[in-house]
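In what follows, a structure is listed as C-alpha cells, so that the remarks can point back to it.
The values are calculated or read from the model by the stated rules, or taken from the named source; none is laboratory data. Not measured: the values here are computed from a predicted model. Note that we place each Cβ from the backbone using ideal geometry, even for glycine, and neighbour counts take in every protein chain shown. When the accessible area is computed, the model is the full protein with side chains, heavy atoms only, and any ligands, DNA or RNA have been set aside. Shrake-Rupley method; radii C 1.70, N 1.55, O 1.52, S 1.80 Å.
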Amino acid sequence: MVRLDSLANEVNFLTARQFAESLMKQGFITKTEFKKIDDLLIAAFAPLIGKLITVSLDKPEDQSE
C-alpha cells in the first residue's frame, strides 16, 4: 500500500522537476545546473518512481539508428 506522504513526495518531486526542466528548456539554467537541481530534489523528496525516471533519462540513447 502506498502511503499518503510517499505519494505527496512523488507529486512534489515531479512538479519541482518539471519546473526546473522548463527553466532549462527556456535557457534560464544550464544542463549542468539542471542535473544539480535534480540531485537536490532527489535528496529532498526521496521519490521512488521519480528517481527511476531520472535514472532512465540519464542513460545514453541508442546510437544504432
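For segment 38-53, the set of residues classified as of a type in the set (A, V, I, L, M, F, W, C) and in contact with an Asp or Glu (Cβ under 9 Å, 6 or more places away or on another chain) consists of Phe45, Leu48, Ile49, listed by residue number. The residue that is most open to solvent (accessible area, probe 1.4 Å), among those in segment 17-37 that are touching a residue at least 12 places away in the same chain (Cβ under 8 Å) and touching a helix residue (DSSP H, G or I) at 6+ places or on another chain (Cβ under 6 Å), is Ile37.
Within this structure, Ala8 fails the test of being surrounded by 10 or more Cβ atoms within 10 Å (Cβ to Cβ) and either within 9 Å of the chain's Cα centre (by Cα) or modelled with pLDDT under 80 (or both).
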